[in-house]
Amino acid sequence: MKPSGHDLSKLSPKCDIRIQREDFDIAAEITRLTRGRTDTGAVVTFSGLCRDEAGALSALELEHYPGMAEAEIRRIADEAIARWPLTGLTAIHRFGRIRPGENIVLVIAASAHRQAAFDGASFLMDFLKTHAPFWKKEHRADGSEGQWVAAKEEDDDALKRWEERP
C-alpha cells in the first residue's frame, strides 16, 4: 500500500543499483543521489562492514550470481519505491575479497521526510540480506579457509515486520 501523499507528478525517484569489486565513497554516493533534487529533505544511509569478532578472520570472499543479483536487488528497490515516497535509492554491494573494516554494502534512501527514508532503507537492507544471491566464505588469519557463512535466523525474522504491514 502506498502512503498518502505519494505525488507521482514530481520527478521520478533516482535508483542506482550496483554490484562491484571496488570500494565506494559514502559521501560521494549521497551527493550523486541527491544532486539536483530540491524535493529531498531526508537521507538515511546504512553501510555494512566486514567484521572480525573473534580476531581470526583475514577476509571474507563474497561471490554473487551475476545478472540475477542485480535483478533481485532492482526488484526489491522497485518495491521500496512503490511502498514509500522516496526521491532516490542507492544500493551498492561489493564482491571479491574484503578485509575486516572494509565496506561490503551501502544502502541510501532519500525522501522528503525522514520516516519514509528510514523505512525504505531498512526494507531494502532486510530483503537484500535474505533474498539477493550472495555467498560469503571466510578466510582465516592462520591461512586456512573457513566455512561458507550461513544465513542467520534473525535476518529472516527481520522480514516479518514488512510482511505484517498493510
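Throughout, read-outs are computed from the coordinates displayed, never taken from laboratory work. Small disclaimer: the values here were computed from a predicted structure and weren't measured. Backbone-built Cβ (ideal geometry, glycine too); neighbour counts: all protein chains shown.
Specify which residue in the list Cys50, Leu86, Trp148 is farthest towards the positive end of the charge dipole of the chain, using unit charges on the beta carbon of Lys, Arg (+1) and Asp, Glu (-1), about the Cα centre.
Sorting the options by dipole projection puts first Leu86.
Considering only Ser58, Ser122, Ser144, give the residue with the highest GNM mean-square fluctuation for the chain, with springs between Cα atoms whenever their separation is below 10 Å.
Maximum among the listed residues: Ser144.
What percent do you get for the relative contact order of region 14-158 when only Cα pairs under 8 Å and 6+ apart count?
34 percent
Multiplying the sequence separation of Glu153 and Glu102 by 0.36 nm and subtracting their Cα-Cα distance, what value in nm do you get?
15.9 nm
Could you size up the charge dipole of region 14-158 around its Cα centre, putting +1 on the beta carbon of Lys and Arg and -1 on that of Asp and Glu, and report it in debye to the nearest 20? Don't skip to the end; give the middle numbers.
Values: 19 positive and 25 negative charges, 117 e Å.
Charge dipole of region 14-158: 560 debye, to the nearest 20.
Please report the Cα spread of the chain along all three principal axes, rounded to whole Å, starting with the longest.
The Cα atoms of the chain stretch 57, 35, 28 Å along the principal axes, largest first.
Mind ranking 135-142, 37-44, 22-29 by how tightly packed they are, going by the mean number of other C-beta atoms within 10 angstrom, highest first?
37-44, 135-142, 22-29
Report, in deg cm²/dmol and to the nearest 500, the calculated mean residue ellipticity at 222 nm for the chain, where each DSSP H run with n ≥ 4 adds -39500 (n - 2.57) and the sum is divided by the residue count.
-10500 deg cm²/dmol
Quick one: how many lysine pairs in the chain have C-alpha atoms under 16 angstrom apart, if they're 8 or more apart or on different chains?
Step by step, the pairs that qualify in the chain add up to 7.
Given R₀ = 25 Å, FRET efficiency for Asp142-Arg21 by Cβ-Cβ distance, to 0.05?
0.50
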